[in-house]
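Below: one structure, written as structure tokens.
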Amino acid sequence: MTAALVDVPSEEWIELIDVPDDEVRARLLRLGLLDGRVKCHRQIQNGPVVIQRHGTELALGRPLAEEITVERASSDRAPR
């Protein structure tokens, strides 16, 4: 099931499917956040969405998080 990153609850494992901004996509790839599952670590009300993978945390602004498409990972498939 796909959704916008901003709609995913905290502590849920997801896979980033589509990042429309080329520069952001390149940065996420360099950080290793596009090649597997990540955790939607925290949703700050009316603020950024914090994602996490292998100890790396990254806060993404809410407008950007609204544009990123994710797929929810089943709990038996996370982490990878």
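All of the numbers you see were taken from the coordinates with simple rules; none came from a lab. Note that the structure is a prediction, hence the values are computed from the model and not measured. Every residue, glycine among them, receives a Cβ derived from its backbone with ideal geometry; neighbour counts consider all protein chains shown.
Here are a few things to note about the model shown:
- Computed helical MRE - 222 nm, the chain, DSSP H runs ≥ 4 contributing -39500 (n - 2.57), nearest 500: -5000 deg cm²/dmol
- As computed over the chain, the Cα convex hull volume per residue (Å³): 77
- Loop-located GluC sites (Glu not before Pro) in the chain, at most 12 other Cβ atoms within 10 Å (DSSP): GLU11
- Residue-by-residue Karplus 3J(HN,Hα) for region 50-66, coefficients 6.51, -1.76, 1.60, Hz, glycine and proline x: 9, 10, 9, 7, 6, x, 8, 10, 9, 8, 10, x, 4, x, 5, 4, 5
- Calculated SAXS-style log₁₀ I(q)/I(0) at q = 0.25 Å⁻¹ - region 1-46, Debye, Cα scatterers: -1.03
- Couplings 3J(HN,Hα) of region 12-26, computed from phi: 9, 7, 9, 10, 6, 9, 9, 10, x, 8, 4, 5, 5, 4, 5 Hz, in residue order, whole Hz [Karplus 6.51 cos²θ - 1.76 cosθ + 1.60, θ = phi - 60°; x for Gly and Pro].
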